[in-house]
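What follows is a single structure, written as structure tokens, with notes after it.
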Amino acid sequence: MSDGYAERRVLAMLLIAPERIDEIDLAPDDFEYTSHRDLFRAISEKRTGDLLSLELSDEVAKFALTLEENHAPSNLVPFSRIVAKAAEQRRFARSVSRLRGDPGKRPAL
């Protein structure tokens, strides 16, 4: 139920074109990894100073560089839908786990 690839793509595209964040319907909690949630939160709150202090994973940085070389990110909305669907599946799985008595944990990458 993880789609780290789509998460990294969305974050990389938003690093290149943060003004496009209004085109997608995601919240920080839709991202599986803590580092991805923190980065998305900083972008969405337009705290550009915080972006400089956050550690970008090598994969996010690599995607950002690749996208920058290939001009504007064009697949932001489709990749954001993948992230949203994976988030929905994780929420459902956590609900089932709680019903079974297993609280489950979020990964903290």
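In the set Arg47, Arg41, Arg37, which member is surrounded by fewer than 17 Cβ atoms within 10 Å (Cβ to Cβ), basic (Lys, Arg), at pLDDT 85 or above and farther than 20 Å from Pro78 by Cβ? First the steps, then the outcome.
Values: Arg47 fails: at pLDDT 85 or above; Arg37 fails: surrounded by fewer than 17 Cβ atoms within 10 Å (Cβ to Cβ).
Only one candidate passes the filter, namely Arg41.
Among the residues of the range 10-34, count how many are under 18 Å from Asn75 (Cα atoms), over 8 Å from the mean Cα position of the chain (by Cα) and not in a loop (DSSP other than H, G, I, E, B).
The total comes to 11.
Enumerate the pairs (first residue in the range 10-23 and under 10 Å from Ile43 (Cα atoms); second residue anywhere and among the polar types (S, T, N, Q)) with beta-carbon separation below 8 Å, excluding pairs fewer than 6 apart on the same chain, so at least 6 apart or on different chains.
Pro18/Thr48; Ile21/Ser44
The values are calculated or read from the model by the stated rules, or taken from the named source; none is laboratory data. Being a predicted model, the structure only gives us computed values, none of them experimental. Don't worry about glycine lacking a Cβ; one is built from the backbone with ideal geometry, like all the others, and counts go over all protein chains shown.
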